[in-house]
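Where a number appears in this text, it was derived from the coordinates with a stated rule and is not lab data. Quick caveat: nothing in here was measured; it's all calculated off a predicted structure. Please note: Cβ atoms are built from the backbone with ideal geometry, for glycine as well, and neighbour counts cover all protein chains shown.
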Amino acid sequence: MENSSLFDKLSSRLDELSNLPKLDDEVSISKLIEEKGFSRREFMTWAGAMTSMLMLPASFTPLVAQAAEIADRLPLVWLHMAECTGCSESLLRSATPSIDSLIFDYISLEYHETIMAAAGWQAEQNLHNAMQKYKGRYILMVEGGIPHAESDYFLTIGAHGKTGQESAQEACADAAAIFAIGSCSSFGGVQAAYPNPTNATALSNITNKTVINVPGCPPSESNIVGTLLHFILYGTLPALDVYNRPKWAYGLRIHDACERRGRFDAGEFVEQFGDEGAKNGYCLYKVGCKGPYTFNNCSKQKFNQGTSWPVQAGHGCMGCSEPDFWDKMGIVHEPLGDRLYHTVFGGLGADATADKIGVGILTVTAIGIAAHAAISLVKKPKE
Ligand code: FSX
Ligand code: SF4
Ligand code: F3S
């Protein structure tokens, strides 16, 4: 679609949404952002970063800003299944509230088990009321793996003793959009690791409705809020990969935009934690980095408002946004390639692969540079 017609389409959707009543008459998101000390300029800078993350041209920034401001029309129901709450923490527990967390805090007013005040019967009543009041309109975000089938009772929640599976199925039935937040909800996660004693599974396996997966253990705050903004802007499914992950976030490998990629290409590897290579920021492949096999945008977006991410902190990527990463990507501090790619380069193994790729590219580049130098010399006009 042409940029201008896409702009018009998104713009009219936002105008329509603006007519919906706010969830809370007293406060609006724009007011909240202002009260927390963010200037308009800071807000627009944030919106600009979100626009580029969503792979839209910079001229769409005002639309993304508008989408964030009218998020206060969108009721959100957030359910917890079997997990560590890291996904919610990822978004909510930064030292200073970010714009992402403010938006999230606001729209979670309807039902979020971590941050709501209600408990017991009252909590269940609130969930029921929210699903009735906003039938067909609420966004459902589910965190955690779901013990299912004959093992569903391993997760039994609340005063009525419902299983997680039952609650999730009920909430899916009337949701406008369903997002599995985190690797547990997307793929089963740590609960589903071998031997999976509770028979935990992904949200997509217990509902017939389409589930958009936003994996990561935890996913970054920007991927969670970006998912929400995308839905507000488009009202349709984003382009998805084979695992139903939005391509704007999970379309590239960690390795493709890693700040240590030059080290990999040059064959410069940390051999063990604490060595000279580690101090010099060498590539972490040989100490187990799974960045070459992991599709996510951590190396570009980072965590905690862009402060850092695993590789920057000196530890390899663990592949946390890939299906079954506990079973498939372990052992954490060993290269995966030994087992997966042992046939590459005549069966020399992953270390050899990494070295060969690095040295290979370096050699080709060196030949290229030498050839270029030689040609320039030949072509150089005689004095
Ligand atoms: Fe934890 Fe969320 Fe990992 Fe799972 O994150 S950070 S175990 S993805 O469901 O709480
Ligand atoms: Fe970065 Fe890991 Fe790739 Fe090395 S292997 S370049 S540390 S993603
Ligand atoms: Fe997870 Fe790797 Fe990112 S471990 S947080 S996908 S760098």
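Brief remarks follow.
- Taking 0.36 nm per residue of sequence separation and removing the Cα-Cα distance, the GLU259/ILE331 pair yields an extension gain of 23.6 nm.
- Modelled this way, with points 7 Å down the Cα-to-C-beta line, the labels at ARG41 and THR307 are 2.5 nm from one another.
- Check: the chain dipole with +1 on Lys, Arg Cβ and -1 on Asp, Glu Cβ, in debye: 1200
- For the residue pairs LYS9/LYS133; LYS133/LYS247; LYS135/LYS209; LYS22/LYS302; LYS9/LYS31, the alpha carbons lie more than 22 Å apart in LYS9/LYS133; LYS133/LYS247; LYS22/LYS302; LYS9/LYS31.
- The chain, helix-only ellipticity at 222 nm - DSSP H runs n ≥ 4, -39,500 (n - 2.57), divided by all residues, nearest 500: -12000 deg cm²/dmol
- Projecting the Cα atoms of ILE115, TRP78, GLY216 onto the charge dipole of segment 2-245, computed from C-beta unit charges around the Cα centre, puts GLY216 farthest toward the positive end.
- The Cα center of segment 49-94 and the Cα center of segment 275-297 differ in position by 29 Å.
- Total formal charge among the other residues, if their Cβ is under 12 angstrom from that of ILE224, Lys/Arg +1 and Asp/Glu -1: -4
- Within-14-Å neighbourhood charge of ALA171 [Cβ basis; K, R +1; D, E -1]: -2
- Order by protection proxy (mean Cβ within 10 Å, highest first), peptides 126-137, 298-309: 298-309, 126-137
- Between THR85 and MET1, residue separation times 0.36 nm minus the direct Cα-Cα distance comes to 26.3 nm.
- Estimated distance in nm for a label pair at TYR234 and SER59, the labels positioned 7 Å out from Cα along Cα-to-Cβ: 2.0
- Each Cα pair under 8 Å and six or more residues apart adds its separation to the average, and for the chain the resulting relative contact order is 13 percent.
- Cβ-Cβ distance of ASN205 and ASN280, R₀ of 45 Å, FRET efficiency by 1/(1 + (r/R0)^6): the value works out to about 0.50.
- Nearest 10 degrees, 0 to 90: helix 40-53 Cα axis against the chain principal axis: 60
- Two numbers describe the Cα atoms of segment 2-245: Rg and Dmax, which are 17.8, 54 Å.
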